[in-house]
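The block underneath contains the structure these notes are about, expressed in structure tokens.
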Amino acid sequence: MSDPLVRGSDYLNAVRQIAIDPSTIWSGEDIIERIRICTWIGEHIETINQELREYLEACHQCFPASERREILIFAAPIAPEYGIDALCNILVDPMAIVIDVGRTAPQDWLSIVVHEYAHAYLRSPGHDARLLEVLTHLCLGLGLEPPNATGMDERGMDQMLRNWPHCDATPEPLAFWRGNG
């Protein structure tokens, strides 16, 4: 079995390869912090990814087998300058979802997976009426509050759907990845 530091570093490098842009995945300036975070990832990432795969499977169960997309899901810290909790790369095959589980509380991880799954299902990055329809379907199927865009124009719907289902942000996302979350 390899060293946790090496496993964590190799894992983040692999996730960078399937991200929309490799720079979206955190790399860290401080070597001490990078060692600490990569080591923690090397020791814990499989457990976290298993939980995310269970949420992905729950999303799949909301659709007939013939409509399910081939999607991979990974947890990884996203570079803070991007200001996002997750991303869905619809340009790779299979499509890839990356969730920064340090940015929200564990009880909100399903919500983030649902949002990114909807993008993958549609193969679209937009926050439009089609996304509203898929998110509503998923939320109803998984017991989450569905979005309500009644009376909203396109801009209002776009703004609401960017953070639907709603998730509260953590004050320091990297704390989780250091093992303090």
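For the stretch 47-57, putting each phi into the Karplus relation 6.51 cos²θ - 1.76 cosθ + 1.60 with θ = phi - 60° gives couplings of 5, 5, 4, 4, 4, 5, 5, 5, 5, 4, 5 Hz, in residue order, rounded to whole numbers and with x for Gly and Pro.
Normalised by 2.2 N^0.38 Å, where N is the number of residues, the C-alpha radius of gyration of the stretch 5-63 stands at 1.32.
Computed 3J(HN,Hα) for the stretch 130-147, one whole-Hz value per residue from the Karplus formula 6.51 cos²θ - 1.76 cosθ + 1.60 where θ = phi - 60°, is 5, 5, 4, 5, 5, 4, 4, 4, 5, 4, 5, x, 10, x, 9, 5, x, x, glycine and proline marked x. Along the axis of the charge dipole computed for the chain (Cβ charges of +1 for Lys and Arg, -1 for Asp and Glu, origin at the Cα centre), the listed residues Gly179, Cys167, Ser23 are led at the positive end by Ser23. Close amide H contacts of Thr104 (hydrogens built in the peptide plane, cut-off under 5 Å, sequence separation of 5 or more or a different chain): Thr170. Taking amide H atoms as placed 1.01 Å from N in the peptide plane, the amide H of Ala86 lies under 5 Å from those of Asp100, each 5 or more residues away in sequence or on another chain. Accessible area ranking (1.4 Å probe, heavy atoms, ligands and nucleic acids excluded), largest first, for Thr24, Thr136, Thr47: Thr47, Thr136, Thr24.
So what is the 222 nm mean residue ellipticity for the chain from helices alone, if each DSSP H run of at least 4 adds -39500 (n - 2.57) and you divide by all residues, rounding to the nearest 500 deg cm²/dmol? Write out the running numbers ahead of the final one.
Details: 5 runs with 81 residues, N = 181.
Helices in the chain give a 222 nm mean residue ellipticity of -15000 deg cm²/dmol.
Taking N as the residue count of the chain, its C-alpha radius of gyration divided by 2.2 N^0.38 Å amounts to 1.03. Here the contact order of the stretch 1-85, divided by its residue count and restricted to Cα pairs under 8 Å and six or more residues apart, works out to 38 percent. Name all residues of the stretch 15-58 having a backbone nitrogen under 16 Å from the label point set 7 Å from the Cα of Leu91 along its Cα→Cβ direction, giving them as ranges. Answer for this model: 16-25.
Put a dot 7 Å past the Cα of Met152, heading toward its Cβ, do the same for Arg69, and the two dots end up 2.0 nm apart.
Under the criterion of Cα pairs below 8 Å and six or more residues apart, the relative contact order for the stretch 95-174 equals 43 percent. Reported to the nearest whole Å, the Cα centre-to-centre distance from the stretch 1-55 to the stretch 57-73 is 25. Taking amide H as placed 1.01 Å from N in the peptide plane, the amide H of Ala79 sits under 5 Å from that of Ile25, Trp26, each at least 5 places away or on another chain. Computed on the chain, with alpha-carbon pairs under 8 angstrom and 6+ residues apart, the relative contact order is 22 percent.
The values are calculated or read from the model by the stated rules, or taken from the named source; none is laboratory data. Everything numeric in this text was worked out from a predicted model, so none of it was measured. In this analysis, Cβ positions are derived from the backbone assuming ideal geometry, glycine residues included, and neighbour counts consider all displayed protein chains. Just so you know, the surface numbers come from the protein's heavy atoms only, side chains and all, with ligands and any DNA or RNA stripped out. Shrake-Rupley method; radii C 1.70, N 1.55, O 1.52, S 1.80 Å.
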